[in-house]
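Accompanying notes for the structure given below.
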Amino acid sequence: MEHAVPDKRLSVRKATLFKKQAFRKHLWFYMLAAPGIAYFILFHYVPMWGVLLAFQDYSPYKGVLGSEWVGFEHFRQFFSEPTFFQLLTNTLLLSFYNLIFFFPFTIVLSLLLNEVRFGLYKRLVQTVVYLPHFVSWVIIVGITFIFFGPSGVINHYLGQWLDQNVPFLMSSEWFRPLIVMQQIWKDAGWGTIIFMAALAGINPEQYEAATVDGANRWHRIWHITLPGIRSTIIVLLILRLGSILDSNFMQVFLMWNNFNDDVSNVFDLYVYKVGLQRFEFSFSIAVGLFNSVVGLILMLTANFISKLFKEEGLF
């Protein structure tokens, strides 16, 4: 018992010294991560105090501390809005189409790039498919107008060949397909980066052994490549489910008009209309908070289901 206290103190000192040595050893990594950590703290965590406005009848003249507390009144008002189910349907359908078409397209594009063996051609193709990501949505929508507008390229040839004109940009039926096509063209190449990194981690000896056993290219993809990136697919799918009620505001806003309002009116656009056009700040924050809470619940649920099936999740 006499030596218990010194031994315990010695172990604590050793643990402290080990932590200091580990910190010094990885000091440059911490410094490299510091700007990113500071960004998230300043622009994602500090502004979270603004969530309190969702439970107030906020007035810019009275300020946060002087505004009246109304509890869940804004949420009750939002759920009783006649457009609530329209907003929910439009947002879910848009996210569902992106999940069905955009997400698998990114995986397929990654698999195709992975099968290219000529290095120079592969890098050239990767560069070409990455470039649209750095183009602003204003330009993307402008190109869409050039091709699909009333006097655009496609309608020009439709008028010559079929003697008809299709109102792509003013049609409710064409709004969602155009949104998905824009999303695929702009971000599919950029989305392959993570999958390409996961594909690079697969042991090449597995492909060599499969080839010796007589497996063709399709068999190697199905039995080696896809299982090798399965955990990456699941993690990215969980993250995408967490933002299922979030639409790309800039893209939807630029494509929105009075003719397609019945399908383009999503939560993000509604928050803009209510918050900045009608100056109902507390109500718009309540809508945004609802989106965030639903996304968090979906992400946690998907992560829990993934763990039930013995797959890797976010945590």
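The values are calculated or read from the model by the stated rules, or taken from the named source; none is laboratory data. No experiment lies behind these values; they were computed from the predicted model shown. Here the Cβ positions follow ideal geometry from the backbone for every residue, glycine too, while neighbour counts run over all protein chains shown. Areas reflect the complete protein model, heavy atoms only, side chains present, ligands, DNA and RNA absent. Shrake-Rupley method; radii C 1.70, N 1.55, O 1.52, S 1.80 Å.
Table for the structure above
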quantity	calculated
The one condition in (1) open to solvent by 80 Å² or more (accessible area, probe 1.4 Å); (2) within 22 Å of the chain's Cα centre (by Cα) that P104 fails to fulfil	(1)
Output for segment 97-137, where each listed residue is among the small types (G, A, S) and part of a helix (DSSP H, G or I)	S110, G119
Options I234, I244: the member that is open to solvent by 20 Å² or more (accessible area, probe 1.4 Å), over 19 Å from V293 (Cα atoms) and either in contact with an Asp or Glu (Cβ under 6 Å, 6 or more places away or on another chain) or part of a loop (DSSP other than H, G, I, E, B) (or both)	I234
All positions within segment 103-119 that are of a type in the set (G, A, S) and modelled with pLDDT under 90	G119
Test: residue in segment 5-18 that is part of a helix (DSSP H, G or I) and modelled with pLDDT of 85 or more	no
Selection count, segment 194-228, where residues are in contact with a Phe, Trp or Tyr (Cβ under 7 Å, 6 or more places away or on another chain) and over 14 Å from L112 (Cα atoms)	1
Candidate set from segment 249-300 (those that are open to solvent by 50 Å² or more (accessible area, probe 1.4 Å) and not in a helix (DSSP H, G or I)); member that is farthest from F85 (Cα to Cα)	F279
Single condition T211 does not satisfy, out of (1) in contact (Cβ under 8 Å) with a residue 24 or more places away in the chain; (2) farther than 29 Å from P177 by Cα; (3) β-branched (V, I, T)	(1)
Of all residues in segment 138-172 being in contact with a helix residue (DSSP H, G or I) (Cβ under 9 Å, 6 or more places away or on another chain), aromatic (F, W, Y) and in a helix (DSSP H, G or I), the one that is least open to solvent (accessible area, probe 1.4 Å)	F148
Failed item in (1) farther than 30 Å from L92 by Cβ; (2) of a type outside the set (K, R); (3) in contact with a Leu (Cβ under 9 Å, 6 or more places away or on another chain), with V252 passing the rest	(1)
Residues within segment 194-231 that are open to solvent by 40 Å² or more (accessible area, probe 1.4 Å), among the polar types (S, T, N, Q) and not in a loop (DSSP other than H, G, I, E, B), tallied	2
Candidate set from segment 39-82 (those that are of a type in the set (F, W, Y) and more than 27 Å from the chain's Cα centre (by Cα)); member that is surrounded by the fewest Cβ atoms within 10 Å (Cβ to Cβ)	Y61
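Table: residues versus (1) farther than 20 Å from L93 by Cα; (2) modelled with pLDDT under 90.
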position: W256; (1), (2): no, no
position: D262; (1), (2): no, no
position: F281; (1), (2): yes, yes
position: N291; (1), (2): no, yes
position: L298; (1), (2): no, yes
position: A302; (1), (2): no, yes
position: I305; (1), (2): yes, yes
position: G313; (1), (2): yes, yes
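Residue-by-condition table, conditions (1) of a type outside the set (S, T, Y); (2) over 25 Å from the mean Cα position of the chain (by Cα); (3) within 30 Å of S306 (Cα to Cα); (4) modelled with pLDDT under 90:
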site	(1), (2), (3), (4)
W161	yes, yes, no, yes
P177	yes, no, no, no
A200	yes, no, yes, yes
E208	yes, yes, no, yes
H223	yes, yes, yes, yes
V235	yes, no, yes, yes
G242	yes, no, yes, yes
